[in-house]
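Asker: Got a structure here, written out as structure tokens. Questions coming.
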Amino acid sequence: MAEFQEGTLDTLMERLCSSISGFDPEWVKRCVPATEEQIQQLQDILAEYHYTIPAAYLCYLRRMGQDDGGLLEDEWVGYEVDIGTVLELLPGKCEDLEKGLFQFSDYWADACFYMKLSNTEDNPMVTDWEGVYVTESFEKYLFRKAFHMYQRGFTYTDFRSESVCDHHERKKKENCRTCPYCGETVEERMDFINQMAEAYGIKKAWFSDQAHFICYSAGYAFEIRVCTGYSIEFCCNDDKLWKQVKYSLSSFPEFFMYLSEL
């Protein structure tokens, strides 16, 4: 079973590498750190806008800045996060940097991710190009991507997505508590999931955040996303578990109830 270790920021890379090596021992051998010259180039660029490299990202660069072995690079085909690409991008990103948005990835469809820079934040929020929330911190983003690597090792996997119920306002409140599609905002939808999970004793992983509910055990792993509506990806190795759970993925009360009985 994988162990995604929580800890202080100064142990970030040690914990991340140990966590991934638990299920993919070869991964760490593929990682290539950024050079100090590249890191200094980046620092010089950010200094022009009165920022420094966030500590969490600096740790990442010094451990795997040139090649992260597919950790972030596997977000999409053609997605690039290496320090060389970042340094090429930044001269044309003056307006973003003036707004405190640092683009640390590149993708042909403009679905790129940014960090919200602050001289008081060592572990910045990850956003999209409009500054819209993606993940609570860069550390949680790294561990969520490590979790996705872990998921790919399971035998069975399925993904379901549902829109928010259009009629929940006309339902009685007590009925909406069992509706799998209620909640107009991200906060309301996550509150619904948290309440349901708590009712059945299902605990979320520490790197979950306000838009992602993550849970794993020796036998299964799943992530529920509430960014736009609801989506869930469930993975397991056991054939019997798979046959039971896959039919309940669109009904969270049934899904959590079944997992609580394992």
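The values are calculated or read from the model by the stated rules, or taken from the named source; none is laboratory data. From a predicted model like this one, the values you see are computed outputs, not experimental measurements. As a convention, Cβ positions derive from the backbone with ideal geometry for all residues, glycine included, and neighbour counts pool all protein chains shown. What goes into the accessible areas is simple: the full protein's heavy atoms, side chains included, and nothing from ligands, DNA or RNA. Shrake-Rupley method; radii C 1.70, N 1.55, O 1.52, S 1.80 Å.
Asker: Under the condition of being touching a residue at least 24 places away in the same chain (Cβ under 8 Å), part of a helix (DSSP H, G or I) and not hydrophobic (A, V, I, L, M, F, W, C), which residue from segment 30-57 is nearest to E139 (Cα to Cα)?
Answerer: Per the stated criteria, the residue is Y57.
Asker: Name every residue in segment 239-254 that is in contact (Cβ under 8 Å) with a residue 60 or more places away in the chain and open to solvent by 60 Å² or more (accessible area, probe 1.4 Å), in order of residue number.
Answerer: D239
Asker: Just for segment 52-80: of the residues that are in contact with an Asp or Glu (Cβ under 6 Å, 6 or more places away or on another chain) and hydrophobic (A, V, I, L, M, F, W, C), which one is least open to solvent (accessible area, probe 1.4 Å)?
Answerer: My answer is A56.
Asker: Can we say K145 is basic (K, R), touching a residue at least 40 places away in the same chain (Cβ under 8 Å) and open to solvent by less than 20 Å² (accessible area, probe 1.4 Å)?
Answerer: The answer is yes for K145.
Asker: Right, next: Check Y49 against each of (1) crowded, with 18+ Cβ neighbours inside 10 Å; (2) over 26 Å from R152 (Cα atoms); (3) of a type in the set (F, W, Y) and name the one condition it does not meet.
Answerer: Only one criterion is unmet by Y49, namely (1).
Asker: Please specify each residue of segment 15-31 satisfying the condition of being under 17 Å from D67 (Cα atoms) and open to solvent by 60 Å² or more (accessible area, probe 1.4 Å).
Answerer: Correct list: P25, E26, K29, R30.
Asker: Within the set of pairs 6 or more residues apart or between chains, which connect a residue that is farther than 18 Å from E130 by Cβ inside segment 80-109 to a residue that is open to solvent by 30 Å² or more (accessible area, probe 1.4 Å) and not in a loop (DSSP other than H, G, I, E, B) with Cβ atoms less than 6 Å apart?
Answerer: E80/D106; V81/E73; I83/Q38; T85/D106; L87/Q41; L90/I45
Asker: Let me ask something else about it. For residues in segment 119-142 being assigned to a loop (DSSP other than H, G, I, E, B) and in contact with a Phe, Trp or Tyr (Cβ under 8 Å, 6 or more places away or on another chain), which is surrounded by the fewest Cβ atoms within 10 Å (Cβ to Cβ)?
Answerer: That would be N119.
Asker: Among the listed residues R15, R30, which satisfies the condition of being closer than 24 Å to Q151 by Cβ, more than 19 Å from the chain's Cα centre (by Cα) and not β-branched (V, I, T)?
Answerer: Going through R15, R30 in turn, the sole match is R30.
Asker: Which numbered condition in (1) open to solvent by 40 Å² or more (accessible area, probe 1.4 Å); (2) within 20 Å of Q38 (Cα to Cα); (3) part of a loop (DSSP other than H, G, I, E, B); (4) not basic (K, R) is the only one that P91 fails?
Answerer: The one condition P91 does not meet is (3).
Asker: While we're looking at this one, here's another question. Would you mind telling me which numbered condition in (1) within 19 Å of C236 (Cβ to Cβ); (2) aromatic (F, W, Y); (3) free of Cβ contacts under 8 Å to residues at least 24 places away in the same chain Y114 fails?
Answerer: (1)
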